[in-house]
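Here is the structure we will look at, set down as structure tokens.
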Amino acid sequence: MIFNIKVFFIEDKGLINIIKHEKIVINERTMITNYKTINLYESMNINNIVVSNDLTINEIKDIKKKTNSNLFYFIINKNILLYSKRKLITNYYKNFKIRSKNKM
């Protein structure tokens, strides 16, 4: 089966090194709230950015005036304030044979 994938919505910046930049949409949830961050990605040839849905319409308009990137905004979405990376931490401890004081 061949997939015709148009873009990848990524949270892990490490993927920038292995995916063609024109196929990347940076999706850092609530992290992108200003034009300077967007312009930094633009300087790296990444032009598709999901802006925080905590922004107001006026803030988004202001950002749009100060950047040339394609902005994405999730209108219907629940905000994820934080989520567990427990498996990542558990695997780290297992890999380095470290005993954790916490139950995992």
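Using only the Cα atoms of segment 4-72, build the gyration tensor, take square roots of its eigenvalues as a ≥ b ≥ c, and label the shape rounded, prolate or oblate: rounded if a/c is under 1.5, else prolate if a/b is larger than b/c, else oblate.
Cα axes put segment 4-72 in the prolate bin.
Taking the highest mean first, how do the peptides 61-67, 92-98, 23-29 order by number of other beta carbon atoms within 10 angstrom per residue? Please report the intermediate quantities before stating the final value.
Details: 61-67: 14.1, 92-98: 9.3, 23-29: 18.1.
Ranking the peptides 61-67, 92-98, 23-29 by packing returns 23-29, 61-67, 92-98.
Quick check: pseudo-label points 7 Å beyond the Cα along Cα→Cβ at Lys64 and Thr33, how many nm apart are they?
2.1
If packing is taken as the mean number of other Cβ atoms within 10 Å per residue, what is the order of 41-48, 5-12, highest first? Walk me through the numbers on the way to the answer.
Values: 41-48: 15.6, 5-12: 11.2.
By packing density, highest mean first, the sequence is 41-48, 5-12.
Greater than 23 Å separation of Cα atoms is the criterion. Which listed pairs, Lys23/Lys94; Lys23/Lys64; Lys13/Lys97, meet it?
Values: Lys23/Lys94 34 Å; Lys23/Lys64 21 Å; Lys13/Lys97 27 Å.
Table pairs above 23 Å Cα-Cα are Lys23/Lys94; Lys13/Lys97.
Grab the Cα-Cα distance for Asn95 and Asn45, subtract it from 0.36 nm times how many residues apart they are, and report the gain in nm with one decimal.
Numbers: separation 50, 0.36 × 50 = 18.00 nm, distance 3.54 nm.
Full extension from Asn95 to Asn45 adds 14.5 nm.
Give me a comma-separated list of calculated 3J(HN,Hα) values for segment 95-100, in order, Karplus coefficients 6.51, -1.76, 1.60 applied at θ = phi - 60°, integers in Hz, x for any Gly or Pro.
Result, rounded to whole Hz: 4, 9, 6, 9, 7, 8.
Since every read-out is calculated from the coordinates, none of them should be taken as a lab result. Bear in mind that the values here come from a model prediction, so they are computed numbers and not experimental data. Cβ: placed from backbone, ideal geometry, glycine included. Neighbour counts: every protein chain shown.
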